[in-house]
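Asker: Sending over a structure as structure tokens; questions will come in a sec.
FYI, it's all coordinate maths here, none of it is from the lab. None of these values were measured; they are calculated from a predicted model. Note that we place each Cβ from the backbone using ideal geometry, even for glycine, and neighbour counts take in every protein chain shown.
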Amino acid sequence: MEAGLTLRFWGVRGSTCASGPEFVEFGGHTPCVEVRCGERLFVIDAGTGINAFGAHHRDRLPQRVDLLLSHLHLDHVGGLPFMKPAILDPSREIHTWCGNLDGASAAEPLGRLFSPPLFPITLDVLPARFVHHGFRAGESLTFPDGAVVDTIPLEHPQGATGYRFRHGGRSACYISDLEHSEPWPDPALLDFVRGADLVVYDGMFTQGEYPACRGWGHSTWQKGVELCRAGNVGRLAIVHLYPQHTDALLRELETQMQADMPGAFVARERQEISFAAVAATSPRRRRAARIAAVA
């Protein structure tokens, strides 16, 4: 049978890393998610989690790595020069894709960030070759091997991009960083996630924290549940975790969330969730496979 759709979380914190004995279970790295459409690899975001991703895979990655950036805030790009395959392999190409700069690529802002005096070297000093692509969020990305990834603009300061991956009759969406709209769910976003097996969603704040942080570009798990229910989504994973939310608090929030949406979870570093390929014409089989794929 054709290989299915798999996601693995390498960084799930937002804004800055978390460290200490109260931050072990869920982890402390900033955003990075590995997506496998069968054998086809995509990487979402280059927070500090991309260091762990690169150290784990080292020379087991394809020569071309497609890195899809939600946006360019520091917590989503700060790990880029520390990705082991970029440091160790001169034959490797890292292709970045950025959709929140009105069609421009990430080359110029990343060049400003990773250069003296903010950083000791520029990216072109690294052995790997970086190739930067710009697009407008809302366009579908078609890659040279025929792979297609859909995108959507998200409400966030300076903008952000959401992604939808489809493979083997399965689909998963990455929706971070996002501030929910009023009313909610947003119709365009609802159409984008509708029927997905998994939505990875920004749940940085509790309902109590959110009012003081309105306009910061983040959401709550409750809004993620509302979106997934309205869109007939199979499972929900909460990411972009507030760096001061401890393991104990996150377990408590996860229990509350699962009372509203069984199968939803707060993502943990190195956690993997897989969906076996199914026939697109077999909806009953598709639903059974989704439930059996609990991580």
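Asker: Beta carbons within 10 angstrom, averaged per residue: use that to sort the peptides 9-18, 136-145, highest first. The partial results should precede the final answer.
Answerer: Working: 9-18: 24.5, 136-145: 13.4.
Descending mean neighbour count gives 9-18, 136-145.
Asker: Only loop residues by DSSP count here, and only those with at most 16 other Cβ atoms within 10 Å; note down the GluC sites (Glu not before Pro) in the range 1-108 that meet that.
Answerer: On the way: sites: GLU2, GLU22, GLU25, GLU34, GLU39, GLU93; in loops: GLU2, GLU22, GLU25, GLU39.
In loop regions of the range 1-108 (DSSP not H, G, I, E or B), the sparsely surrounded GluC sites (Glu not before Pro) are GLU2, GLU22, GLU25, GLU39.
Asker: Then there's this: For semi-axes √(5λ) of the Cα gyration tensor in Å, one of [x] 39, 23, 15; [y] 28, 23, 19; [z] 30, 26, 20 was computed from the structure I shared and the rest are decoys. Which label?
Answerer: It is the value labelled [y].
Asker: Shifting gears a bit: Could you run the Karplus curve 6.51 cos²θ - 1.76 cosθ + 1.60 with θ = phi - 60° over the range 255-267 and give me ³J(HN,Hα) per residue in whole Hz, x for Gly and Pro?
Answerer: 4, 4, 5, 5, 5, 8, 9, x, x, 6, 7, 8, 5
Asker: Skipping prolines and chain starts, which residues have an amide H placed within reach, meaning under 5 Å, of the one on VAL131, given they are 5 or more residues away or on another chain?
Answerer: Those qualifying (amide H under 5 Å, at least 5 residues apart or on another chain) are ILE94, HIS95, THR96.
Asker: If we sort 184-194, 72-82 on the protection proxy, mean other Cβ atoms within 10 Å, highest first, what's the order? Intermediate results must be reported in sequence, preceding the final value.
Answerer: Working: 184-194: 16.9, 72-82: 21.6.
Order by mean packing, descending: 72-82, 184-194.
Asker: Can you bin the range 50-150 into rounded, prolate or oblate? Criterion: square roots of the alpha carbon gyration tensor eigenvalues sorted a ≥ b ≥ c, rounded for a/c under 1.5, prolate for a/b above b/c, oblate for the rest. Mind dumping the intermediate values first?
Answerer: Numbers: a/c = 1.84, a/b = 1.15, b/c = 1.60.
Here the range 50-150 falls in the oblate category.
Asker: Still on this model: What shape does the range 167-219 have by the C-alpha gyration tensor, where a ≥ b ≥ c are the square roots of the eigenvalues, rounded means a/c under 1.5, and otherwise prolate means a/b greater than b/c and oblate the rest? List each step's numbers first, then the result.
Answerer: Numbers: a/c = 3.20, a/b = 2.02, b/c = 1.58.
It comes out prolate by the Cα gyration axes.
Asker: Ordered by packing density, taken as the mean number of other Cβ atoms within 10 Å over each peptide's residues, highest first, how do 163-170, 196-203 rank? Show your work: numbers first, answer last.
Answerer: Details: 163-170: 21.6, 196-203: 27.0.
Packing proxy ranking, top to bottom: 196-203, 163-170.
Asker: Then there's this: Any idea what the dipole of the range 90-218 comes to, in debye rounded to 20, about its Cα centre with Lys/Arg Cβ at +1 and Asp/Glu Cβ at -1? Write out the running numbers ahead of the final one.
Answerer: Working: 9 positive and 16 negative charges, 73 e Å.
I would put it at about 360 debye.
Asker: If each residue's Cβ is checked for other Cβ atoms within 10 Å, how do ILE50, ILE238, ILE121, ILE273 rank with the fewest at the top? It would help to have the intermediate numbers written out before the result.
Answerer: Values: ILE50 32, ILE238 27, ILE121 11, ILE273 20.
Starting with the residue having the fewest Cβ neighbours, the order is ILE121, ILE273, ILE238, ILE50.
Asker: Still on this structure, I have one more. Among bridges DSSP assigns within the chain, what percent are antiparallel (round to 5)?
Answerer: On the way: 28 of 56 bridges.
Here the antiparallel bridges make up roughly 50 percent for the chain.
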